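Asker: Let me give you the structure first, and then I'll get to my questions.
The values are calculated or read from the model by the stated rules, or taken from the named source; none is laboratory data. Every value quoted in this text rests on a predicted model; they were computed, and no experiment measured them. Counting neighbours? That spans all protein chains shown, and the Cβs are built from the backbone with ideal geometry, glycine included. For the accessible areas, the whole protein counts, side chains as well, though only heavy atoms, and no ligand, DNA or RNA atoms are used. Shrake-Rupley method; radii C 1.70, N 1.55, O 1.52, S 1.80 Å.
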Amino acid sequence: MTDKLRIGIIGLGGIGTSKHLPSLSKLAHIEVIAFCDIIEEKALKAAKDYGSESSTVYTDYRKMLEDRSIDVVHVCTPNSSHAEITIAALEAGKHVMCEKPMAITSTDARSMLEASKRTGKKLTIGYQNRYRPDSLFLKNLCSIGNLGEIYLAKALAIRRRAVPTWGVFLEKELQGGGPLIDIGTHALDLTLWMMDNYKPVSVTGSVFHKLAGRENAANLWGPWDTKKFTVEDSAIGFIKMENGATITLESSWALNTMDVREAKTVLCGTEGGADMDDGLRINGEQMGRLYEHKVSFERGAVVFYAAAADESPADLEARLWIECILNDTEPLVKPEQALVVSEILEAVYQSAATGKTIYFNR
């Protein structure tokens, strides 16, 4: 394929303009030709910064999808509209990169997957933490069996006081939840991917709204609006897998703890373990002695995918996504995997609301 892929982007808030467009702009085989946001000024500015004189600006994504010259669509809107827009784009004949999480509900996420299969168009979800050097290195170790059978894991996304106060992050109707669905989703995706285990059988969860009502609270981005803070401030899940493996999932935006770790995983296997507490550390036993090895990434790591020295995880994510379309290969983040993440997150919320363990019928 020699022609450039023509891309349209829907949603030009922070994630669209700080992650997607800067990374796409570095690629030679694409051209962003359409910019859509319900606030026209945002679309106009993005088109000026990343488009060309021929770029088109829209406030209605449906109108944008009528453009048959668009090959790929990036969906960077609030969580509540992911499914609707993604399905419409797939049915309009576009490949779709949708930001995480896949959807608010597992039903919507499953509909997205079905639309991808029905249309034959590629779908991936924006879990950029998989593309970090430490993540890729650890995934390689897991794939070749260095840790053995991974039967116990922790998925960690803990902030002490870092509540996002902009956009719609605090609004449950538009986001579906708080830190669990926002950053806990990254930690869970990383953990399931490392384990290569996507068969949960039960989930027990607790959701807390303990600090959200505090006026003038200390926070990285300034005090939050207590009236708008309708999502949880922290949540935890206990997940059992079909093969007996167990995962604990912890997430918070506001929690009285000094144990701050975001988008990290801890893995315990029969042959060794790994954590991301102080860089990437591998532990195990050899010749009757315990060992701990800290992996250095000062010169980068070539595992699975070769990344340039200055290529960020977001840059690598964008490049590999475009290459999978050009080469007609599978994306690194498969929609089937992202669906399971959404199913588990939904189950944590359901368990917390009902006080019962949620069981999967598979």
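Asker: What size of dipole, in debye to the nearest 20, comes out for the range 1-82 about its Cα centre when the only charges are +1 on Lys and Arg C-beta atoms and -1 on Asp and Glu C-beta atoms?
Answerer: Working: 10 positive and 11 negative charges, 41 e Å.
For this selection, approximately 200 debye.
Asker: In nm, give the distance between the simple-model label positions of GLU336 and LYS63, each being 7 Å from the Cα along the Cα-to-Cβ direction.
Answerer: 4.0 nm
Asker: Considering only protein heavy atoms and a 1.4 Å probe, what is the carbon-and-sulfur percentage of the accessible area of the chain?
Answerer: 49 percent
Asker: To continue, here is another question. Could you tell me, in Å, what Rg and Dmax come out for the Cα atoms of the range 172-287?
Answerer: 16.6, 59
Asker: Could you tell me which GluC sites (Glu not before Pro) in the range 1-108 are loop residues by DSSP with no more than 12 other beta carbons within 10 angstrom of their beta carbon? Numbers along the way, then the final one.
Answerer: Values: sites: GLU31, GLU40, GLU41, GLU53, GLU66, GLU84, GLU91, GLU99; in loops: GLU53, GLU66.
Here the GluC sites (Glu not before Pro) that fit, given the DSSP loop and packing criteria, are GLU53, GLU66.
Asker: Continuing with this model, one more query. When the chain is modelled as a GNM with alpha-carbon springs shorter than 10 Å, which of SER18, SER111, SER135 fluctuates the most?
Answerer: Highest fluctuation of the listed residues: SER18.
Asker: Rg to Rh ratio, the range 1-139, alpha-carbon atoms and Kirkwood radius? Each step should come with its number before you reach the end.
Answerer: Numbers: Rg = 14.7 Å, Rh = 15.2 Å.
Radius of gyration relative to Kirkwood radius: 0.96.
Asker: Run the simple label-point estimate for ASP328 and GLU84 please: 7 Å along Cα→C-beta, distance reported in nm.
Answerer: About 3.5 nm, to one decimal.
Asker: Filter the trypsin sites (Lys or Arg not before Pro) in the range 5-99 down to the DSSP loop ones having no more than 10 other Cβ atoms within 10 Å, then list what survives.
Answerer: ARG68
Asker: While we're looking at this one, here's another question. Rg to Rh ratio, the range 10-73, alpha-carbon atoms and Kirkwood radius? It would help to have the intermediate numbers written out before the result.
Answerer: On the way: Rg = 10.8 Å, Rh = 11.7 Å.
Radius of gyration relative to Kirkwood radius: 0.92.
Asker: Shifting gears a bit: In nanometres, what is the gap between the two model label sites at SER206 and LEU44, each 7 Å from Cα along Cα-to-Cβ?
Answerer: That separation, rounded to one decimal, is 5.1 nm.
Asker: Would you mind telling me which residue in ILE150, ILE85, ILE39 has the biggest mean-square fluctuation in a Gaussian network model of the chain, where springs connect alpha carbons within a distance under 10 angstrom?
Answerer: ILE39
Asker: If you don't mind, another one. Say we join alpha carbon atoms closer than 10 Å with springs in a Gaussian network model of the chain; which of HIS293, HIS20, HIS82 then has the biggest fluctuation?
Answerer: HIS293
Asker: Still on this structure: Mind scanning LYS100/LYS334; LYS19/LYS45; LYS45/LYS121; LYS100/LYS199; LYS154/LYS199; LYS199/LYS294 and naming the pairs with a C-alpha gap bigger than 24 Å? Intermediate values should be presented prior to the final figure.
Answerer: Numbers: LYS100/LYS334 12 Å; LYS19/LYS45 15 Å; LYS45/LYS121 30 Å; LYS100/LYS199 20 Å; LYS154/LYS199 16 Å; LYS199/LYS294 31 Å.
Flagged as over cut-off: LYS45/LYS121; LYS199/LYS294.
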